[in-house]
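Mind looking over this structure? Questions follow.
The values are calculated or read from the model by the stated rules, or taken from the named source; none is laboratory data. This is a predicted model, so every value here is computed, not measured. Virtual Cβ from ideal backbone geometry, glycine too; neighbours counted across all protein chains shown. Accessible surface areas use protein heavy atoms only, side chains included; no ligands, DNA or RNA. Shrake-Rupley method; radii C 1.70, N 1.55, O 1.52, S 1.80 Å.
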Amino acid sequence: MSHRAFITRWLIPVAMATLLLGTSVHAQDGVSPRQILIGQTLTLQGGKNEYGVAVLEGVKTYLDQVNRQGGVLGREVVVTVLDDDNKSSQAETNAHQLVSQGKAFLLFGSIEGGPSTAVMKAALELNVPFFGPMAGSPTLRTPHQPSVFPVRAEHKAEFRALLAHARSLGVQRVAFFRSDSETGQQHLDNVTRLSQELGLNLVADLPFKSDVSDAGIDALVAQMARSQAQMVFNHGGIGVYEKLIRKARAQGLKTSFYGVNSGSTQLANRLKDLAHGMIFAQVMPSPWERKTAVTRAYQDAFSKAYPGKPFSYGSLEGYVTARALVEALKLAGPKPTRASFVAGLRNASLNIEGLRVSYSDKAHTGLSLVDLAIVTREGTFRH
């Protein structure tokens, strides 16, 4: 975090960061002759959130590389990062602070559905673009928001891939484990439609609160058993999902458990042998293989930036999202404004080493990439 392109809340408050960076108003807040200031609220939880830390390392890897080469059209890309602690209210506060006090040109790269939705709310209120939220929440795309630009695929695409895979194995009865929230209900609506389209029976809706008790999880396991679901898949809540899987296996249930990308590595690591054979949807290619141009570029850059540090989905997603940000900034032109940034992405297709990030007037799809990975006996992911 010591590179001048990154200043985090752990080190310096935003107001001081802005003074030190010398950011001035030059046609647009956050843009000076030498710098473009980006605001990022990220779930780091004081360094305890593994995915958030990995995302930040991936972002830093690419932006450091770009800045060493002269930046974007002669301007260094400077990112001010605040920790939202995975709290929506804090994410919204951070977003307002980054723009109103920190004078960020745009908001960028949050993770987790709740905080990302909160940042989107702030961005719309402040009339600033929000680029690269790394979350699969349906609220980021529906209804269409012209100034919000996701990069990764949404959870709906992951749900479709998981259900289609289960159907290909002869599964007919499925259950959905999801948060008992407004966003969880939206996911359930999508899953219901997808199940109908694929000719599957959604036999159990398994909602949970974040503070669900052991007795509550026991009740969900009992409901799952009664439904005779052949496959269960999740939306978030990996800590609760882990407990559900452990209790189901302890009772001898043979149900197959699938999952979305969020927290997949952490869940597999916690479950150890119980994770063997689980299928996860991933919104990035395998970060450990060199089968694609983007992973080769990522591995080479990340190895130089963090020698000996393992590759991960998080750092790859941060790297890819940062690359998309740089391409978007180029389209804003030599005198970038927030309006020119949004205009530059109108009906745009960004090429990230062969990955296509697509935006149209009616839909900001981002990437369509969804890959499936199985957990091996060794606890690794094989795509």
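Please work out which one of (1) more than 30 Å from Leu107 (Cα to Cα); (2) of a type outside the set (Gly, Ala, Ser); (3) open to solvent by less than 10 Å² (accessible area, probe 1.4 Å); (4) not in a helix (DSSP H, G or I) is the condition Val151 fails and give its number.
Going through the list (1) more than 30 Å from Leu107 (Cα to Cα); (2) of a type outside the set (Gly, Ala, Ser); (3) open to solvent by less than 10 Å² (accessible area, probe 1.4 Å); (4) not in a helix (DSSP H, G or I), Val151 breaks only (1).
Identify, from the list Ser137, Ser116, the residue that is at pLDDT below 95 and under 19 Å from Ala363 (Cβ atoms).
Ser137
Also: Could you please find all residues in region 127-145 being open to solvent by 20 Å² or more (accessible area, probe 1.4 Å) and out of contact with any Pro (no Cβ under 9 Å at 6 or more places or on another chain)?
Result: Asn127, Thr139, Thr142, Pro143, His144, Gln145.
Would you confirm whether any residue within region 104-125 is closer than 25 Å to Arg34 by Cβ and touching an Asp or Glu at 6+ places or on another chain (Cβ under 8 Å)?
yes
Continuing with this model, one more query. If you check Asp189, Asp180, Asp214, which single one turns out to be in contact (Cβ under 8 Å) with a residue 24 or more places away in the chain, acidic (Asp, Glu) and in contact with a Pro (Cβ under 9 Å, 6 or more places away or on another chain)?
Asp180 is the lone residue from the list that is in contact (Cβ under 8 Å) with a residue 24 or more places away in the chain, acidic (Asp, Glu) and in contact with a Pro (Cβ under 9 Å, 6 or more places away or on another chain).
Scan (1) among the charged types (D, E, K, R); (2) out of contact with any strand residue (DSSP E or B) (no Cβ under 8 Å at 6 or more places or on another chain); (3) open to solvent by less than 10 Å² (accessible area, probe 1.4 Å) for the single condition Glu158 breaks and write down its number.
(2)
With the structure loaded, tell me whether Ala248 is touching a helix residue (DSSP H, G or I) at 6+ places or on another chain (Cβ under 6 Å) and farther than 18 Å from Ile111 by Cβ or whether it fails that test.
yes
Check Gly136, Gly70 and return the single one that is assigned to a loop (DSSP other than H, G, I, E, B), of a type in the set (Gly, Ala, Ser) and under 30 Å from Lys156 (Cα atoms).
Going through Gly136, Gly70 in turn, the sole match is Gly136.
Next up: Among the residues of region 76-98, how many are surrounded by fewer than 23 Cβ atoms within 10 Å (Cβ to Cβ) and either free of Cβ contacts under 8 Å to residues at least 60 places away in the same chain or assigned to a helix (DSSP H, G or I) (or both)?
Of the residues in region 76-98, 10 are surrounded by fewer than 23 Cβ atoms within 10 Å (Cβ to Cβ) and either free of Cβ contacts under 8 Å to residues at least 60 places away in the same chain or assigned to a helix (DSSP H, G or I) (or both).
Considering only region 230-254, how many residues are among the aliphatic types (A, V, I, L, M) and open to solvent by 10 Å² or more (accessible area, probe 1.4 Å)?
From region 230-254, those among the aliphatic types (A, V, I, L, M) are 231-232, 238, 240, 244-245, 248, 250, 253; that's our starting set.
Now drop any that are not open to solvent by 10 Å² or more (accessible area, probe 1.4 Å), which leaves 238, 240, 250, 253.
The total comes to 4.
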